[in-house]
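**Student:** Before I ask anything, let me first share the structure, which is written out below as structure tokens.
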Amino acid sequence: MPQKLAPLIPEDAPFTEPQRAWLNGFLAGLYSYAPSPQLAAMRVAVLYGSQTGTAEGLARKLAKHLKSAGCDAVLSSLEGYVPATLAAEKHALFIVSTYGEGDAPDAAQAFFQQLCVEHFPLLQNLEYAVFGLGDAHYEHFCQFGKDLDAKLDSLGGVRLLDRVDCDVETDVAFAAWKNALDARLRKAALVEGVETRNEAASYAPSQSATAAATGSPVASREHPFAAPIVEKRTLTAATSTKRTIHLSFSIDGAQMEYEAGDACGVAPRNSPELVDTILELLPFTGNERVEAPKAGTFPLRQALLEKFAITRLTRNMARQYSSLARCAWLDAIMKPEQQEELERYLHGRDLIDLLRECPGAIQTIDDLVRILPRLTPRLYSISSSPLAHPGQVHTTVSVVRYQTHGRHRGGVCSTLLDDRVEVGDRLPLYIHPNKKFRLPQDPSASIIMIGPGTGIAPFRSFLHQRRITGATGRNWLFFGERSAATDFLYREELESMAADGHLTQLDTAFSRDHGHKVYVQDLILHHAKRVWAWLEEGAYVYVCGDAFRMAKDVDRALHSIVAAQGAISQEAAGDYMHRMKENRRLQRDVY
């Protein structure tokens, strides 16, 4: 009997209808093949460009999966991969993230720049596929994946599969892409005459690689630890225009380990008021049973509270809803030529807006579930040290609140933490490692930390960790916020560290305390000579916070200092900065 290659492409996988139809037909056709070929002679390069570790994690899963099938799968970060090597590859699979305004991850920037040089060798023997990671709420969704795909195509590469642009929830999309790759690589193996060495072995996705480790005592995203809140306090003054809070979770009894620089994931819950409003707009009671992907069956109201995202509209939600509704204006803005109008409509709206403005489309539970994405964990930089604060995880949270389209709105998790949980309450928690944001291994190395706003979080962790380990290197912190009187986060701790010398230098920029606005990048330029001296002495530089403006402005300031103080050209300054990144002396945790 022929053995099935893989499940058919799920309906909620991020493919167009023609793509899904082609893939389903292709997979179905391959079911007739027997036996399944072993791919031991097929080399496949699995390449990743990762900013926070998600792309790297998926790439490692893919490489492991391919190796288990017999492939010669070679895993590599784009940071250490020579672009010209692609000319010698036959099969390359790229998993890449996008951050900021459509930028490549730090580790992939040099690779892509070299790929884009004039007269780069053609890649006519290369078959490739790109899996892009991004967040559909941002304007430049998966832009680096799109740019990489277009460049490889322009160089003569042949797509194994059409590019996939994946939103923050990766499981379904990645599984579908991996299944499609199974089929396509198998066909390539047949075409290339690669024969099996063990005809009993089949090339199918390993269920053990995707099955959840049920019952495991180790906390993970799939099985978080219910961590009690042991401290909750406000860091900003009541008169501040912003609100930032500090929370401490107990992880005693949990198998959770973290390092300074890591983040924690918190599983949020939607506002009960929003859920009740949604149910009022739908023909359901809230007691109906509903299947939540990878979570089980729940009453509808509970699923809306805990399992589905309801506070932001995405393009996919609008597309799915439009297919159910008879709504002329919605159909009009779904047309390709009206994408800008669609983006304007989606911005700042949620499911309630759509149900009110285009009512009557949802008539069954399946209709509702089909359009709703999963509610995903929110990541917060950990602001505690595992040695200085044993058994605890601290977070620093900026509470998001705003008003748009006639309604008050807020961040799903930040308003939960601020409004609806107190000390003693438990929340699902897990550790999200950030291996690209680590203290120097040499305790005598100096560090420069640049973290405005809640970007201070990992640097509080760094400072406590360096103190308890007795690190002798100097510590310099640049911190910025709106006003010293209302927004100086962790002021007493930082000023105490500055007073006793643990903080060698503390520089603050409070943008609204002067006649003109001053930001952290301005302070860096003000201390250009000393910053340059520290760099030349081997200091490590860390940047945490906003990717859209702050991180870019800081990068320009550092570049300017290197060029001016080093009396070198802009090009040479760029090379200097690149070497710092390569040597892990310039690390960023930006979002």
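The values are calculated or read from the model by the stated rules, or taken from the named source; none is laboratory data. Remember, predicted model here, so these are calculated numbers, not experimental data. We place every Cβ from the backbone using ideal geometry, glycine too, and count neighbours over all the protein chains shown. Keep in mind that these areas ignore ligands, DNA and RNA; they rest on the heavy atoms of the full protein, side chains included. Shrake-Rupley method; radii C 1.70, N 1.55, O 1.52, S 1.80 Å.
**Student:** Of the peptides 452-459, 424-431, how do they stack up when ordered by the mean number of other Cβ atoms within 10 Å, highest first?
**Tutor:** Numbers: 452-459: 25.4, 424-431: 18.2.
Final packing ranking: 452-459, 424-431.
**Student:** Another question about this same structure. How high is the relative contact order of the range 427-543, in percent, counting Cα pairs under 8 Å that sit 6 or more residues apart?
**Tutor:** Working: 150 pairs, mean separation 36.8, N = 117.
That works out to 31 percent.
**Student:** Next up: Mind checking the per residue accessible area of the range 271-411 for me, 1.4 Å probe, whole number of Å²?
**Tutor:** With all protein chains present, the range 271-411 gives 49 Å² per residue.
**Student:** Cut-off under 15 Å on the C-alpha distance; same-chain residues fewer than 8 positions from residue 581 excluded. Which aspartates and glutamates are left, in chain and number order?
**Tutor:** Partners found: 79, 106, 536, 555, 589.
**Student:** As an exercise, use a Förster radius of 41 Å and the Cβ-Cβ distance of residue 559 and residue 87 to find the FRET efficiency, rounded to the nearest 0.05.
**Tutor:** Details: r = 32 Å, r/R0 = 0.77.
The calculated FRET efficiency here is 0.85.
**Student:** Find the relative contact order for the range 358-419 and round it to a whole percent, using C-alpha pairs within less than 8 Å whose residues are 6+ positions apart.
**Tutor:** Contact order relative to length: 20 percent.
**Student:** Based on the inverse mean of 1/r over its pairs of different Cα atoms, what is the Kirkwood hydrodynamic radius of the range 338-459, in Å?
**Tutor:** Result for the range 338-459 stands at 18.8 Å.
**Student:** Which pairs break 27 Å Cα to Cα here: 90/435; 529/552; 436/517?
**Tutor:** On the way: 90/435 30 Å; 529/552 21 Å; 436/517 32 Å.
Where the Cα-Cα span goes over 27 Å, the pairs concerned are 90/435; 436/517.
**Student:** Right, next: Which percent of the accessible area of the range 48-90 is formed by carbon and sulfur heavy atoms (probe 1.4 angstrom)?
**Tutor:** In the range 48-90, the share of accessible area belonging to carbon and sulfur is 55 percent.
**Student:** Here's a follow-up. Using only the Cα atoms of the range 415-460, each taken as one equal point scatterer with no solvent, compute I(q) by the Debye sum, divide by I(0), and report log10 of the ratio at q = 0.18, 0.29 Å⁻¹.
**Tutor:** At q = 0.18, 0.29 Å⁻¹ the computed log10 ratios are -0.84, -1.15.
**Student:** Which order do the peptides 351-363, 387-399 come out in when sorted by mean C-beta neighbours inside 10 angstrom, highest first? Intermediate values should be presented prior to the final figure.
**Tutor:** Working: 351-363: 17.5, 387-399: 19.1.
In decreasing order of mean packing, 351-363, 387-399 become 387-399, 351-363.
**Student:** Continuing with the same structure: State the cysteines of the chain left without a partner when partners are defined as other cysteines whose beta carbon lies under 4.7 Å away.
**Tutor:** Singleton cysteines: 71, 116, 142, 166, 264, 413, 544.
**Student:** May I ask for the Kirkwood hydrodynamic radius of the chain, worked out over all distinct Cα pairs and given in angstroms to one decimal? If you can, show how the numbers build up before the last one.
**Tutor:** Numbers: mean 1/r = 0.0382 Å⁻¹.
After inverting the pairwise mean of 1/r, the radius is 26.2 Å.
**Student:** Hey, what number do you get for the chain at 222 nm if only DSSP H runs of n ≥ 4 count, each worth -39500 (n - 2.57), divided across all residues, to the nearest 500?
**Tutor:** Only helices count here, giving -10000 deg cm²/dmol.
**Student:** While we're here: Taking the alpha-carbon distance from residue 294 and a cut-off under 14 Å, which aspartates and glutamates remain once sequence neighbours fewer than 8 residues away in the same chain are dropped?
**Tutor:** 12, 169, 171, 222, 306
**Student:** Quote the Stokes-Einstein diffusion coefficient, in whole µm² s⁻¹, for the range 453-585, based on the Kirkwood radius over alpha carbon pairs, a temperature of 4 °C and a viscosity of 1.567 mPa s.
**Tutor:** Calculated translational D: 82 µm²/s.
**Student:** To continue, here is another question. Tell me, what % of the accessible area of the range 282-411 is carbon and sulfur with a 1.4 angstrom probe? Intermediate results must be reported in sequence, preceding the final value.
**Tutor:** Details: 3160 of 6390 Å².
It is 49 percent, rounded to a whole number.
**Student:** Another one. Could you pull out every one of the lysines with an alpha carbon less than 24 Å from that of residue 232, ignoring same-chain neighbours closer than 8 positions?
**Tutor:** 242
**Student:** Which FRET efficiency value, to the nearest 0.05, is calculated for residue 517 and residue 187 with the Förster distance at 51 angstrom and r the Cβ-Cβ distance?
**Tutor:** 0.30
**Student:** Same structure, new question: For the chain, with only Lys/Arg (+1) and Asp/Glu (-1) charged at the beta-carbon, what is the dipole magnitude about the Cα centre, in debye rounded to 20?
**Tutor:** 480
**Student:** Further, regarding this structure: In the range 52-157, what percentage of the DSSP-assigned beta bridges are antiparallel, given to the nearest 5?
**Tutor:** If I count the DSSP bridges inside the range 52-157, around 10 percent turn out antiparallel.
**Student:** Another question, if that's okay. Compute the accessible area per residue over the range 502-566, keeping the other protein chains in place, probe 1.4 Å, unit Å². Before the final figure, lay out each step's value.
**Tutor:** Details: 3000 Å² over 65 residues.
With all protein chains present, the range 502-566 gives 46 Å² per residue.
**Student:** Additional query: What are the equivalent ellipsoid semi-axes of the range 80-181, built from the alpha-carbon gyration tensor (square roots of five times its eigenvalues), in whole angstrom, biggest first?
**Tutor:** Working: eigenvalues 98, 58, 21 Å².
Semi-axis lengths for the range 80-181 are 22, 17, 10 Å.
**Student:** What is the local net charge at residue 163, summed over the other residues whose Cβ is closer than 13 Å to its Cβ (Lys, Arg +1; Asp, Glu -1)? If you can, show how the numbers build up before the last one.
**Tutor:** Working: positive: 146, 151, 159; negative: 147, 149, 153, 162, 165.
My count for the surroundings of residue 163 gives -2.
**Student:** What does the charge dipole of the range 529-591 about its Cα centre add up to, to the nearest 20 debye, if the Cβ of each Lys and Arg holds +1 and the Cβ of each Asp and Glu holds -1?
**Tutor:** 100
**Student:** Using alpha-carbon pairs under 8 Å, 6+ residues apart, how would you state the relative contact order of the chain in percent?
**Tutor:** 13
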